[in-house]
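To start, the structure under review is shown below, and the notes come after it.
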Amino acid sequence: MQTEIALTDTEQNTRESVNRAVSLLRSGEVVALPTETVYGLGADAFNAAAVARIFEAKERPRFDPLIVHLPNKTMLHDVGEVPSDIAKTVTQLVETFWPGPLTILLPKKAAVPDIVTAGLPTVAVRQCQHPIFHRILKHFGGPVAAPSANRFGALSPTSASLVLDQLDGRIPLIVDGGACARGLESTIVRVRAATPKPVIEVLRPGPITEDDLKPFGKVTFAKRNDEVEDSAPEAPGMLATHYAPRTPLRLLENPSDFSADPEKRYALLSYRGQEKDGFLDLHPWAGVVVLSPGSGRVAEAGIRLFHLLGQLDKGGYDEIIAEPVPDRGIGRAILDKLRKASVKG
Ligand code: TXA
Ligand code: MG
């Protein structure tokens, strides 16, 4: 299969690309689409055969459920139930953060095929903010199931060319909507009724942070699967092996933890590229990339993380050493990705 790239650089090209994407979605095909977080691989959420193609293209195991993207807020009620005891909080979250990078788990409606939710009784929903994605969904007129457009277990792509690196020849179309504005996957939450406040449990940290969610309930974080014993994964995205570049990566919490193998070529993934942080001078690095040069901004580091990891992955290094980023705001999500990508032991 030839993978086509659809441009959105002019209004004329955008119109043609939107039409092409919509007609493929209608015919039960998969299409890679830009979102504000990472590129997604979309298919008609109500068409089980189309959704099956997503799993094939990504080589994703069928036990890993997908996120359903809505063309508008009201369509939430076509795919999910909003239990009355959490309705107020869910409405507040939807009104505050949609369209945007917040995914909410709700009991699923029967109309959603089981393949979308991997047989779970819940469905993950969000309304995406990217203008091109929004236009395609509006024309298509129904919900689109879309996981990140990477091969299973690999880095989520934040540009059309990174999608092509992973899925060339496996999908018919990539709509090139430019680099993703957020660069990290959406925050996934589950809401539970409780007194005195509802509980908002974060299953996957992302661009909507603890501080953003706090006004709406008590925010808790689900444990990672490798910290939980004898229990089935609640969000398979929490599996410890996710988001890894092909090159082994190690998150070095302290510079003093580093000991070099003289045979190996190491690259440094630096937070802000400052000597005083103790990593730059630690070793004659074969390569250095900096997430947020200068005084460091976690939001910028989030935008550039997957892009720079993808670049390092092409550098032929034996190992990537990652500096920690501050554990605040979206830094929490970055650390989560780096820990999951990190080699154990
Ligand atoms: O920003 C995003 O969320 C991107 C863009 C494309 O929207 N999508 C994305 O999808 O990251 P994906 O499939 O790569 O990650 C979704 C995560 C998976 O880890 C999946 O296991 C979890 O959400 N998930 C989906 N439905 C679930 C459910 N019903 N219960 C628990 N976890 C669920
Ligand atoms: Mg993914």
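Between residue 221 and residue 254, what FRET efficiency comes out of the Förster formula 1/(1 + (r/R0)^6) with R0 = 22 Å and r the beta carbon distance, rounded to 0.05?
Here the calculated transfer efficiency is 0.40.
List the aspartates and glutamates whose Cα lies under 19 Å from the Cα of residue 73, skipping any in the same chain that are fewer than 8 positions away.
The qualifying aspartates and glutamates are 36, 44, 81, 95.
Roughly how many percent of the accessible protein surface of the chain is carbon and sulfur, given a 1.4 Å probe and a whole-percent answer?
So the carbon and sulfur contribution to the accessible surface is 50 percent.
Using only the alpha-carbon atoms of segment 4-175, report the extent along each of the three principal axes, biggest first, to the nearest angstrom.
Taking max minus min along each principal axis of the Cα atoms, segment 4-175 gives 46, 35, 28 Å.
Length gain on complete extension for the stretch residue 343 to residue 192, per 0.36 nm per residue less the alpha carbon to alpha carbon distance?
That pair, residue 343 and residue 192, stretches by 50.9 nm at full extension.
Which FRET efficiency, nearest 0.05, do residue 59 and residue 281 yield, Cβ-Cβ r, R0 41 Å?
Step by step, r from the Cβ atoms, then E = 0.50.
For residue 300 paired with residue 74, estimate the spin-label separation in nm (one decimal), with each label point 7 Å from Cα along the Cα-to-Cβ line.
Output for this residue pair reads 4.3 nm.
May I have the extent of the alpha carbons of segment 249-341 along their three principal axes, as whole Å values ordered from largest to smallest?
On the principal axes, segment 249-341 reaches 38, 27, 23 Å in Cα extent.
Between residue 111 and residue 81, what is the label-point separation in nm under the 7 Å Cα-to-beta-carbon projection?
That separation, rounded to one decimal, is 1.6 nm.
Probe of 1.4 angstrom, ligands and nucleic acids ignored: what's the accessible area per residue over the chain, in square angstrom?
Solvent-accessible surface per residue comes out at 43 Å².
Would you list which lysines come within 16 Å of residue 214, measuring only between C-alpha atoms, while excluding same-chain residues fewer than 8 positions from it?
88, 197
Can you tell me the FRET efficiency between residue 27 and residue 179 if r is taken as the Cβ-Cβ distance and R0 is 22 Å, rounded to the nearest 0.05?
Calculated transfer efficiency: 0.15.
What's the extension gain from residue 48 to residue 96 if we count 0.36 nm per residue and subtract their Cα-Cα distance?
Here the segment from residue 48 to residue 96 would lengthen by 14.1 nm.
May I ask for log10 I(q)/I(0) of the chain at q = 0.08, 0.12, 0.13, 0.15 Å⁻¹, from a Debye sum over the Cα atoms as equal point scatterers with solvent left out?
Log-scaled intensity ratios, in q order: -0.38, -0.85, -1.00, -1.28.
Past the 23 Å Cα-Cα mark, which pairs from 223/314; 314/337; 223/340; 109/218?
Those over the limit are 223/314; 109/218.
The values are calculated or read from the model by the stated rules, or taken from the named source; none is laboratory data. Predicted model, so just to flag it, every value in this text is computed and none were measured. Ideal geometry is used to build each Cβ from the backbone, glycine not excepted, and the neighbour counts take in all protein chains shown. Side chains are part of the model used for accessible areas, which takes the heavy atoms of the whole protein and leaves out ligands, DNA and RNA. Shrake-Rupley method; radii C 1.70, N 1.55, O 1.52, S 1.80 Å.
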